[in-house]
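I have placed the structure first, in the form of structure tokens, so that the comments after it can refer back to it.
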Amino acid sequence: QVQLVESGGGLVQAGGSLRLSCAASGSIFRLNAMGWYRRAPGKQRELVAGMTTGGTTNYADSVKGRFTISRDNAKNTVSLQMDSLKPEDTAVYYCNAVAVSSTSLRQFNYWGQGTQVTVSS
């Protein structure tokens, strides 16, 4: 089993910044893509940013130029630096990892428990 633990959410005023972090642990054989999703009230979960093991990134159009994803492959962590936050960024943010379990050698999609980000206007 692979566990993802997020930290760094909170309340911030519009224009401010927050940094989310996620640490993967457990029976990890290999971590492949890692990323961040979010679910705003009344909306479906959407991809915010993702990064492959090789460093290729992709971002939602709504966050390009404001959010930056990074990862440390040696520490099995992924982070999301969020700048110039807007009220519409308010959501629960979830860490995601596509990982191969060392117990089964099968690839699964894993999720963190979510962390609330609230941006006030």
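The values are calculated or read from the model by the stated rules, or taken from the named source; none is laboratory data. This is a predicted model, so every value here is computed, not measured. All Cβ positions, even for glycine, are placed from backbone atoms using ideal geometry, and neighbour counts span all protein chains on display. What goes into the accessible areas is simple: the full protein's heavy atoms, side chains included, and nothing from ligands, DNA or RNA. Shrake-Rupley method; radii C 1.70, N 1.55, O 1.52, S 1.80 Å.
Using the Cα centre as the reference, give the magnitude of the dipole from point charges on the C-beta atoms of the chain (Lys, Arg: +1; Asp, Glu: -1; all else neutral), rounded to the nearest 20 debye.
It works out to roughly 180 debye.
Which value, in Å² and to the nearest 10, is the accessible area of ARG30 when all protein chains are kept and the probe is 1.4 Å?
110
Tally up the carbon and sulfur contribution to the accessible surface of the chain as a whole percent, 1.4 Å probe, everything protein left in place.
Answer for the chain: carbon and sulfur cover 48 percent of the accessible area.
Would you kindly calculate the translational diffusion coefficient of the range 63-118, applying Stokes-Einstein with the Kirkwood radius from alpha carbon pairs, for 25 °C and a viscosity of 0.890 mPa s, and quote it in µm² s⁻¹ without decimals?
185
Find out how many positive minus negative residues lie around GLY114, taking Lys and Arg as positive, Asp and Glu as negative, among other residues whose Cβ is under 11 Å from that of GLY114.
That works out to +2.
Counting only heavy atoms of the protein chains, get the accessible area per residue of the chain (1.4 Å probe) and round it to a whole Å² value. It would help to have the intermediate numbers written out before the result.
Details: 6240 Å² over 121 residues.
Spelled out: the 1.4 Å probe surface of the chain, per residue, equals 52 Å².
Keeping all protein chains in position, work out how much accessible area PHE29 exposes to a 1.4 Å probe, and write it in Å² to the nearest 10.
We get 120 Å² for PHE29.
To the nearest 10 Å², what's ASP83's accessible area with a 1.4 Å probe?
50
Positive end of the charge dipole of the chain (Lys, Arg +1 and Asp, Glu -1 on Cβ, about the Cα centre): tell me which of GLY15, GLY42, MET82 has its Cα farthest that way.
Positive-most Cα among the choices belongs to GLY42.
Output the Kirkwood hydrodynamic radius of the range 32-95, Cα pairs only, in Å rounded to one decimal.
Kirkwood hydrodynamic radius for the range 32-95: 12.1 Å.
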